[in-house]
Amino acid sequence: MERESMEFDVVIVGGGPAGLSAAIRLMQLAQEKDHELMVCVIEKGSEIGAHILSGAVVDPLALNELIPDWKEKGAPLNTPVVDNQHWVLTETDKKSLPHFIMPPLLSNNGMYTTSLGNLTRWLGEQAEAMGVEIYPGFAGAEVLFHEDGRVKGVATGDMGIGRDGEPKASHEPGMELHAKYTLFAEGCRGSLSKQLEEQFSLREDCQFQTYGIGIKELWDIDPAKHVPGRVIHSQGWPLDNDTAGGGFIYHQENNQVAIGFVVTLDYENPYLSPFDEMQRYKTHPAVREILEGGRRVSYGARAINEGGLQSVPKLYFPGGALIGCAAGFVNVPRIKGSHNAMKSGMLAAESAFSALAAGSNGEVELTSYEQAFKDSWIYKDLHKVRNARPALSKFGVKIGTLYSGFDMWMNTFGLGKLMPTLKHKHRDNEATKKATDAKPIDYPKPDGVISFDKLTSVFLSNTNHEEDQPVHLTLKDETVPVQVNLANYAGPEQRFCPAGVYEFIGEEGEQQLQINAQNCVHCKTCDIKDVTQNINWVVPEGGGGPNYPNM
């Protein structure tokens, strides 16, 4: 069956904050200039916002520019931050750092605690009201090219393919979406974005990307313990000095707290499990006190870009551009990226619209987008914290944190140019030690009250995939998991995955890797942390994966 095609001026792959901001900005410009424009957004989740997971404390900087009257239009930013706390934890104790010693750029004053998924759903409504065509449940599975090498658009994945790769009775071929410009807003470690980086050598003049994994839960807590707008960040226990990361607790509206834990993916110990570190974190007396008497209502996980300014690739290529976390604009010490992602989408939209209005059919590259980024507050935001993440790898967590703080204060006083720009130490997968050089970690069994197991957690993520479809966690070499990963590294994939996708089954000497693809929450950690880079994450059928409510 041949694929049908549809023609647009701009196709946007990914219905997150960056993609929807780009779509809205394109339609604003079209209305201002009385220029007819056809814009399409495709989203692999079952609905807009289904795959969006973030802390989230939202900086409204980009939203103020994009939709200045967002309050009147009902944007779900209802809980301003009223209290900032930073804890340093030991196993049984906590110390609160005075807020005045923290660099001012780490302040959350003027921010809002909210669900980024709900904000994204609202942005989707604004985009549709302006005439943007939005297609949830359609995964961008293939980049299409013109004969001259320019990006022509994307094809969505086929539906109704069996696990054996053969079409079923329900088979429907994917749709080709052609555009003059295609903007890729797939989020962190997007499968098509990864391909484009190689195809067009977009990382030739920057460093490799580094990542963290964020594990998040949503809890209904005792109203007597709830302080709407309280924001708590923590560092220290349960991680050691060789592993960077930390926790967050955000008091949102309706007696809910978002609690999460981030572990940088350059950790060395193959026995470490980010999921179990998160469960341990909740047992700390100061954290347990908040959660006791409450009820866990949702769970999710997501990889996070942490490379910062040094790792931002070339943003444009023939026929399109990377926007949002597909490029990587997270401000690591602030634990924020949605404001930068939105602004990048707006800048790319302005560049694309200028080209289209001048008569381009895609042959003019979006060079003005790259320059606009360098002139924007995104660049300034990332430049101030460019040394925060590499300092942790270079000096260890304790000294690295002190160095980062000093560096940020130097930037606060306008002396940031005196500080050298540090480089990242190594790719995340390359940091993993062999099992013989590492110490096993004895994680406590979950109590089912404060701490939980993976499968119970995945259930709360509402994750669902059609089971009879090709496994979307593909192996380049099927012998590597047992002969290399299990033999040399004690099978770290069964621990770095926060959803129980990977497990080794069988007797010792006859073990094999079983991939439970239906559990996958699309965090992409396996694609990043797999020691030999043998796992390649590709999109499953559209509509599959988690369905996060209020996350």
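The values are calculated or read from the model by the stated rules, or taken from the named source; none is laboratory data. Bear in mind that the values here come from a model prediction, so they are computed numbers and not experimental data. Virtual Cβ from ideal backbone geometry, glycine too; neighbours counted across all protein chains shown. When the accessible area is computed, the model is the full protein with side chains, heavy atoms only, and any ligands, DNA or RNA have been set aside. Shrake-Rupley method; radii C 1.70, N 1.55, O 1.52, S 1.80 Å.
Skip the ligands, DNA and RNA, and give the accessible area per residue of the chain with a 1.4 Å probe, whole Å².
40
Which far-off residues, 5 or more places away or on another chain, put their amide H under 5 Å from the one on ILE12, with H placed in the peptide plane?
CYS40, VAL41, ILE42, LEU183
Semi-axes of the equivalent ellipsoid of the chain: what are they in whole Å, largest first, if each equals the square root of 5 times a C-alpha gyration tensor eigenvalue?
In descending order the semi-axes read 34, 29, 23 Å.
What area, in nm² and to one decimal, does the C-alpha convex hull of region 484-551 cast on average over all directions?
Spelled out: convex hull of the Cα atoms, projected over all directions, averaged, 5.3 nm².
Once the piece of chain linking ASP34 and ARG163 is laid out straight, how much longer is it, given 0.36 nm per residue of separation minus the C-alpha distance between them?
The ASP34-ARG163 span can extend by a further 41.6 nm.
Under the Karplus relation 6.51 cos²θ - 1.76 cosθ + 1.60, θ = phi - 60°, what is the ordered set of whole-Hz ³J(HN,Hα) values for region 188-204, x standing for Gly and Pro?
4, 6, x, 5, 6, 4, 4, 5, 5, 4, 6, 4, 10, 6, 6, 9, 4
Restricting the count to DSSP beta bridges whose residues both fall in the chain, what percent are antiparallel, rounded to a multiple of 5?
Of all bridge pairs located within the chain, approximately 70 percent are antiparallel.
Give, rounded to the nearest 20 debye, the magnitude of the charge dipole that region 357-436 has about its Cα centre when Lys and Arg contribute +1 at Cβ and Asp and Glu contribute -1 at Cβ. Mind showing how you got there, number by number?
Numbers: 13 positive and 8 negative charges, 145 e Å.
The dipole of region 357-436 has a size of about 700 debye.
Express the relative contact order of the chain as a whole percentage, based on alpha carbon pairs under 8 Å and six or more residues apart in sequence.
It rounds to 20 percent for the chain.
List residues of region 433-465, by number, whose backbone nitrogen lies under 11 Å from a label position 7 Å along Cα→C-beta of ASP242.
Inside the label zone: 433-440.
What's log10 of I(q)/I(0) for region 125-241 at q = 0.16, 0.19 Å⁻¹, Debye sum over Cα points only, no solvent?
For region 125-241 at q = 0.16, 0.19 Å⁻¹, log10 I(q)/I(0) is -1.03, -1.16.
In vacuum, with every alpha carbon of region 426-520 counted as one equal point scatterer, what does the Debye formula give for log10 I(q)/I(0) at q = 0.10, 0.17 Å⁻¹? Two decimals, please.
Taken in order of the listed q values, log10 I(q)/I(0) reads -0.34, -0.95.
Under a 5 Å amide H to amide H cut-off, with H placed in plane at 1.01 Å, what residues pair with PHE504 once short-range neighbours are removed?
GLN514
Please report, in debye to the nearest 20, how large the charge dipole of the chain is about its Cα centre when each Lys and Arg carries +1 at its beta carbon and each Asp and Glu carries -1 there.
So the magnitude is around 2280 debye.
Given THR525, HIS251, PHE317, which one lies farthest toward the positive end of the charge dipole of the chain, if we put +1 on the Cβ of every Lys and Arg and -1 on the Cβ of every Asp and Glu?
Result: HIS251.
Could you rank the peptides 532-540, 368-376, 214-222 by their average count of other C-beta atoms within 10 Å per residue, with the highest value first?
Order by mean packing, descending: 214-222, 532-540, 368-376.
Report the equivalent ellipsoid semi-axes for region 1-149 in whole Å, largest first, defined as the square roots of five times the eigenvalues of the gyration tensor built from alpha carbon atoms.
38, 20, 14
I need the phi-derived Karplus couplings for region 371-379: 6.51 cos²θ - 1.76 cosθ + 1.60, θ = phi - 60°, integer Hz, Gly and Pro marked x.
3J(HN,Hα) across region 371-379, in whole Hz: 5, 4, 4, 5, 8, 8, 6, 4, 4.
Please state, as a whole number in µm²/s, the translational diffusion coefficient that the Stokes-Einstein equation yields for region 129-188 at 20 °C and 1.002 mPa s, with Rh defined as the Kirkwood radius across alpha carbon pairs.
160
How many nm is it between the label spots at TYR135 and ARG295, if each spot is 7 Å from the Cα in line with the beta carbon?
4.0
What are the ³J(HN,Hα) values, in whole Hz, obtained from phi via the Karplus relation 6.51 cos²θ - 1.76 cosθ + 1.60 with θ = phi - 60°, for each residue of region 506-517 in sequence order, with x given for Gly and Pro?
Karplus values, whole Hz, x for Gly and Pro: x, 6, 4, x, 10, 7, 9, 8, 9, 10, 8, 4.
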